[in-house]
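Asker: Supplied in structure tokens, the structure appears directly below.
The values are calculated or read from the model by the stated rules, or taken from the named source; none is laboratory data. Given the structure is predicted, the values throughout are model-derived calculations rather than measurements. Reconstructed Cβ throughout: ideal geometry from the backbone, glycine too, with neighbour counts over all protein chains shown. Surface areas here come from the heavy atoms of the whole protein model, side chains and all, with no ligands, DNA or RNA. Shrake-Rupley method; radii C 1.70, N 1.55, O 1.52, S 1.80 Å.
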Amino acid sequence: MAHEKLLSPKELGSMVGLSVAQVRTLMNSGKLEFVEISPKIKLLTMSGWERFQKNATKVKRAENSVAS
């Protein structure tokens, strides 16, 4: 089983272009998965970020329109 690197909110934020506060807000709202090492230490993974992006991004289906 491969181990994935654990990232701090600051590290993840700098990688994806968000502030630490924005990352923490996503964590606190339950939208972004994290690993709780202790009550004060919560770390994230890139796979958790990718799952968040997949769940948060909605693609509209193209409507079939018939040209007259």
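Asker: What tally of residues in region 10-45 results from selecting those that are within 23 Å of Thr57 (Cβ to Cβ) and open to solvent by 80 Å² or more (accessible area, probe 1.4 Å)?
Answerer: Total satisfying the criteria: 8.
Asker: Looking only at region 15-48, which residues are within 10 Å of the chain's Cα centre (by Cα) and among the aliphatic types (A, V, I, L, M)?
Answerer: Of everything in region 15-48, those that are within 10 Å of the chain's Cα centre (by Cα) and among the aliphatic types (A, V, I, L, M) turn out to be Val16, Val23, Leu26, Met27, Leu32, Leu44, Met46.
Asker: Looking at region 3-14, which of its residues are touching a residue at least 24 places away in the same chain (Cβ under 8 Å) and either touching a Lys or Arg at 6+ places or on another chain (Cβ under 7 Å) or under 19 Å from Asn55 (Cα atoms) (or both)?
Answerer: Pro9, Leu12
Asker: Exactly one of these conditions fails for Leu7: (1) at pLDDT below 95; (2) open to solvent by less than 90 Å² (accessible area, probe 1.4 Å). Give me its number.
Answerer: Just one mismatch for Leu7, condition (1).
Asker: On to the next question. Condition test on Met27, is it modelled with pLDDT under 95 and of a type in the set (A, V, I, L, M, F, W, C)?
Answerer: Answer is no for this residue.
Asker: Let me ask something additional. Between residues in region 21-50 that are closer than 13 Å to Pro9 by Cβ and residues that are surrounded by 14 or more Cβ atoms within 10 Å (Cβ to Cβ) and among the acidic types (Asp, Glu), which pairs lie under 7 Å by C-beta distance while being six or more apart or on different chains?
Answerer: Gly48/Glu33
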